[in-house]
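Reviewing the structure listed below.
All of the numbers you see were taken from the coordinates with simple rules; none came from a lab. Predicted model only: the values in this text are computed from it and were never measured. Note that we place each Cβ from the backbone using ideal geometry, even for glycine, and neighbour counts take in every protein chain shown.
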Amino acid sequence: MVRLQAFRAAAREGGFVQVEESSEETILWLRKSAPAAARETHQRMCIDSVTGSVTVYWMADPGKVNSKTFRGVPALQEWFRLGPPTILQR
C-alpha cells in the first residue's frame, strides 16, 4: 500500500488528477490535469494495486495509443523528468 501511495504522489507531482476508482478499489484512473502542451492532452494513467504497477497511456500518432508500464516510482519520476512523448504530425 505504501508503494501505491508513492505512485499517487508521483502522479500528482507529474500533473495528473484522479478521474475514477474501481468499485473494488484495485484500479485508479487519472488524467493530465492541465496539459502544458497539446501533446499532453490525451495522457491517462492507471494505477493497478493488483500488479503493483502504473501504466501511462498517450496518443503520439493520431489513432494510435501508446503505453509504458512502471513497476517502481523512481522510474516513473524519471520518465516525467524526460518530458512527454512527442506527437508525430502527418
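With Cα atoms as the point set, the radius of gyration and Dmax of the range 2-82 evaluate to 12.1, 36 Å. Taking the Cα centre of the range 2-82 as reference, the dipole from Cβ charges on Lys and Arg (+1) and Asp and Glu (-1) amounts to some 280 debye. Toward the positive end of the charge dipole of the range 2-82, with +1 on the Cβ of Lys and Arg and -1 on the Cβ of Asp and Glu, the farthest Cα among PHE7, LEU82, THR51 is that of LEU82. Here the extension length gained between PHE80 and TRP29 equals 16.6 nm, from 0.36 nm per residue of separation less the Cα-Cα distance. Per-peptide packing, taken as the mean over residues of other Cβ atoms within 10 Å, places 64-74, 11-21 in the sequence 11-21, 64-74 from highest down.
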